[in-house]
1. Could you please find all residues in segment 198-210 being over 15 Å from G129 (Cβ atoms) and open to solvent by less than 40 Å² (accessible area, probe 1.4 Å)?
2. Determine if segment 92-103 includes at least one residue that is modelled with pLDDT of 95 or more, of a type outside the set (D, E), surrounded by fewer than 19 Cβ atoms within 10 Å (Cβ to Cβ) and touching a helix residue (DSSP H, G or I) at 6+ places or on another chain (Cβ under 6 Å).
3. Out of S86, S45, which single residue is over 20 Å from K195 (Cα atoms), exposed (fewer than 14 other Cβ atoms within 10 Å of the Cβ), under 15 Å from the mean Cα position of the chain (by Cα) and polar (S, T, N, Q)?
4. Among the residues of segment 142-166, which ones are without any contact (Cβ under 8 Å) to a residue 40 or more places away in the chain and either open to solvent by less than 20 Å² (accessible area, probe 1.4 Å) or not in a strand (DSSP E or B) (or both)?
5. Would you check if G135 is in a helix (DSSP H, G or I) and either open to solvent by 10 Å² or more (accessible area, probe 1.4 Å) or not β-branched (V, I, T) (or both)?
6. For segment 1-42, give me each residue that is without any contact (Cβ under 8 Å) to a residue 24 or more places away in the chain, closer than 17 Å to K110 by Cβ and small (G, A, S).
7. How about segment 172-182: which of its residues are of a type outside the set (S, T, N, Q), outside any loop (DSSP other than H, G, I, E, B) and over 12 Å from V91 (Cα atoms)?
8. Under 7 Å between Cβ atoms, at least 6 apart or on separate chains: pull out the pairs that start in segment 94-117 with a residue that is part of a loop (DSSP other than H, G, I, E, B) and end on any residue that is small (G, A, S) and surrounded by fewer than 21 Cβ atoms within 10 Å (Cβ to Cβ).
Amino acid sequence: MSQSLQTFPHWGRKIIAIGRNYAEHAKELGNAVPTAPFFFLKPTSSYALSSAKMPTIEVPKGTNVHHEVELAVIIEKPGRDITAHSAMSHVGGYALAIDATARDLQDEAKKGGKPWSTAKGFDTFTPIGDLIPTGMIPDPNNLTLWLKVNGELKQNGPTSDMLFKIPQLIEYVSSITTLERGDVILTGTPAGVGKMSPGDVVDCGVKTTGASADLFRMQFRVVERPGFGVFGTGRV
């Protein structure tokens, strides 16, 4: 018996994060606007559930960690070489997510031509909400994503600004790697990314553009990452 898609963070195998899918976000970090999709992978151990008793984002000591609010696409029907025409039939739902990024570590990796895994892969670096059924979002291009830090609005942008829409993303990703049930595609972030520090409270939501009520909203406390070692409290 297959597991309920609602529990995807507990058994899904891949987090596929699309880079620079909003032009203004690419520009705010001094990056070129891409002419084709590209993605990187995040470990599923980086999930932080909004349904947890005390939802937290752990910031490694001495790092500059940014928030990036995103619409997540949850795959229900697996497939390889999926066409854009049939792509949406593979989607089982959506979720609100944050792609937390240690920006200083990412910048260092980019300068050295190294992967971004360290900057993107820490535990709790993919805060994610509950599954939103597809019936609640008939048009994923007609949503607004927003994020506040300590009550101050930092990000507020429409998904219509995505450079590459969800069918294109599914077609591209599945031409490289098989999409499996429970996989998550993070579709990129609007402009306004910025630092999160221990003690901050991060609120974010997704709503139909023009609506007053959110389809989903979540809140996380930012804390210092516990433990010892290079990125724990014992970092020099």
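1. Taking segment 198-210 and keeping what is over 15 Å from G129 (Cβ atoms), we get 198-201, 208-210.
D200 - this is the single residue of segment 198-210 that is over 15 Å from G129 (Cβ atoms) and open to solvent by less than 40 Å² (accessible area, probe 1.4 Å).
2. Looking for residues that are modelled with pLDDT of 95 or more, of a type outside the set (D, E), surrounded by fewer than 19 Cβ atoms within 10 Å (Cβ to Cβ) and touching a helix residue (DSSP H, G or I) at 6+ places or on another chain (Cβ under 6 Å), one finds at least one in segment 92-103, hence yes.
3. On the way: S86 fails: under 15 Å from the mean Cα position of the chain (by Cα).
None of the other options fit; the residue is S45.
4. Step one: filter segment 142-166 for residues without any contact (Cβ under 8 Å) to a residue 40 or more places away in the chain, giving 152-153, 156, 165.
Of everything in segment 142-166, just one residue is without any contact (Cβ under 8 Å) to a residue 40 or more places away in the chain and either open to solvent by less than 20 Å² (accessible area, probe 1.4 Å) or not in a strand (DSSP E or B) (or both), namely K165.
5. Details: in a helix (DSSP H, G or I): yes; either open to solvent by 10 Å² or more (accessible area, probe 1.4 Å) or not β-branched (V, I, T) (or both): yes.
So G135 passes the test.
6. Selection gives A26, G30, A32.
7. Step one: list which residues in segment 172-182 are of a type outside the set (S, T, N, Q), which gives 172-173, 176, 179-182.
Next cut, outside any loop (DSSP other than H, G, I, E, B) only: 172-173, 179.
Those that are of a type outside the set (S, T, N, Q), outside any loop (DSSP other than H, G, I, E, B) and over 12 Å from V91 (Cα atoms): Y172, V173.
8. Cβ pairs passing all conditions: P115/A109; W116/A109.
The values are calculated or read from the model by the stated rules, or taken from the named source; none is laboratory data. Note that this is a predicted model, so its numbers are computed, not measured. Neighbour counts run over all protein chains shown; Cβ positions are idealised from the backbone, glycine included. These accessible areas exclude ligands, DNA and RNA; they are computed on the full protein's heavy atoms, side chains included. Shrake-Rupley method; radii C 1.70, N 1.55, O 1.52, S 1.80 Å.
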